[in-house]
1. Go through 53-66, 347-360 and give me the packing order, highest mean Cβ count within 10 Å leading.
2. Which far-off residues, 5 or more places away or on another chain, put their amide H under 5 Å from the one on Phe416, with H placed in the peptide plane?
3. Quick one: of Lys35/Lys312; Lys135/Lys256; Lys120/Lys312; Lys116/Lys421; Lys404/Lys441; Lys283/Lys372, which pairs are farther than 21 Å apart, Cα to Cα?
4. Aspartates and glutamates within cross-link reach of Lys242: Cα-Cα under 14 Å, excluding same-chain residues under 8 positions apart?
5. Using helices alone, I'd like the mean residue ellipticity at 222 nm for the chain: each DSSP H run of four-plus residues gives -39500 (n - 2.57), total over residue count, nearest 500.
6. For mean projected area of the Cα convex hull in nm², one of [x] 21.6; [y] 27.9; [z] 23.1 was computed from the structure I shared and the rest are decoys. Which label?
7. Under a 5 Å amide H to amide H cut-off, with H placed in plane at 1.01 Å, what residues pair with Asp225 once short-range neighbours are removed?
8. Hey, can you grab everything whose amide H is under 5 Å from the amide H of Ile331? Only 5+ residues off in sequence or another chain; H modelled, so Pro and N-termini drop out.
Amino acid sequence: MIVKTIQQVAEMMGAPYELSHKDIVIQGVSIDSRKIEKGNLFVPLKGDHTDGHRYVETAFQNGAAASLWQKDVPNPPEHFPIIMVDDTLEALQRLAKAYRDELSIKVVGVTGSNGKTTTKDIISSLLSSRYRVQKTEGNYNNHIGLPLTLLSLKQDTEAAILEMGMSSKGEIDFLTRMARPDIAVITNIGEAHLLDLGSREAIAEAKFEIINGLDKNGVLVYHGDEPLLEQLVQNTPHLTVKTFGESAKNDLYPTKIRQTNEGSRFSINTEPEREFFLSVLGKHNVFNALAAILVARELGISYDEIEDGLKKIELTKMRLELVEGSKGEKIINDAYNASPTSVRAAIDLVSELQGYERKILVLGDMLELGPKEKQYHEEIGKEINPHAIDYVFTIGALGQYIAKGAKTVLPEHRVFAFMEKEKLVEKLKSLLTGNELILVKASRGMKLEEVVHLLQA
C-alpha cells in the first residue's frame, strides 16, 4: 500500500501543505471511517445522501493519521493533520495515478459485458505461479474503487490485475489512463448497459476505450468471434492483438470441451495433447480461461504452470458458486449479476450437468436493458428447453415476463412467478426431495443471494 509522508501525499495530489504535521507518515487509504486501519489517510467523499466530512473526527479516533478536507465544506477540525483540496474525489484519483506512475509493475486491465470478474480471478491464479500478484477485490472497479485498488498495491507487487467497469461512455477511458495497463482484455460484448448506451455498437466502442491507456508496447486480448470488436481493431492501426474464441480463426480456441459437476475439461489448439481442468462451472468460463491463458503466455507463464493455476482458482463470491441447501439440493449461486447473454450461458450449464433428479431455474429481473427489456425477458423464457429443465421460478416485475415466455414451452404447473422471495422459497421447498440442481440468477439489485440463504436455512 502507499506509504508516504503527508507532505509527499500533498505534493502528489498537487495540494500545497505547509503545516507542522508534514512529516507524519500515512499508510494506506480509506473512504470508510468504520474501516480505518492505524495510519490510514481518510478521504471523505460527498455523496447524494451522505457526506464523509461528518465522520472525519471519527476517523481520527479510529486511528487515521491524516485526512483530506474539501475547501467548500465549512468548519474543518482543528488540531488534526488536514490536507485541504478543491475536490476530495479528484484528489484521491490524482494520488492514485501518481502512485501508479511510481510503481515498476505489470498491469493487466480487464473489461467486458460479462465475465470480467471471473477472468480477473483466473488471470490472478495463473500469474501467481511466478509473480507476486494483487487483484481488484470485490466490485472495486469504478472511478472510486480503481483508485483505492491502486493505492492498496504493495511496493513489492509484481503484477496487478485490475477490473474496469462502466455504465456510460468515457468511463473506461478515464480508468485505463489512470491504470496504464501493459495488457488489456475485453471478454465480450453483451447487452448490459443498453439502457445507458442504446446499442451493442455503442457498448463495444465504450469497452474499446481500454486501449486508450495501453502501453505503447502493450497487447490487446479480445474475443475474436465478436464482429463489433473485430471492426474496431481493423480501424486501429499499429495495435498488437491476440484473440480467443470458439472458431479456428482465433489465436487460441478450444478443440474439446467437456462439462462435469466439478468444472470443465478442455484442450486447446496450441497444446492439443494436454487436457486442462478448470475448477469453475460453465462452458462460457472456458472462454474466460482462454483469455487468461493468452495473458499468462504473454507474461512468460509455462503451460505446466497454467495447468496447475487453473486448478487453484479462488472465485469472487456469487459467481457460479456451488453450495448445498438444507435438504441436500445443490444450488448454483450466480446472483451477482445478469444479462441475457450470461443468463443463457448459466441455463446451458444447468442443462448439460448430469446426475440430478430434477433441474430448477430461479430467475429474477435483468436490469438496465433499455426499452426492449420486457422482450429480452420473455425471449429467455421461450428458449428454455422443457426436456432439460423441470421447473421455472421467477421473481420480480420483469421476471414475470420470463415466466410468460416459459409457459409457451413448459406446462403451466411447472412455471411459477412471484413478487416476494419468502413465498417463492416456501413453494420451492415444498417440491424438493434433495437431489435437485437449482440455478439462482438475477441482476445485483434483486439481491437473490437472499433466496440462497433461505434455501440453506
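1. 53-66, 347-360
2. Placed amide hydrogens put Val392, Phe393, Thr394 under 5 Å from Phe416.
3. The pairs that break the limit, which is 21 Å between Cα atoms, are Lys35/Lys312; Lys135/Lys256; Lys116/Lys421; Lys283/Lys372.
4. Leaving aside aspartates and glutamates fewer than 8 places away in the same chain, those within reach of Lys242 are Asp182, Asp225, Glu226, Glu230, Asp251, Glu298.
5. Computed ellipticity for the chain at 222 nm equals -9500 deg cm²/dmol.
6. Only one option fits the structure, namely [z].
7. Glu246
8. Val323, Glu324, Gly325, Ile438
None of the figures in this text is laboratory data; all of them are computed from the coordinates on show. Quick caveat, the model's predicted, so the values are computed rather than measured. Heads up, the Cβs are rebuilt from the backbone with ideal geometry, glycines too, and the neighbour counts pull from every protein chain shown.
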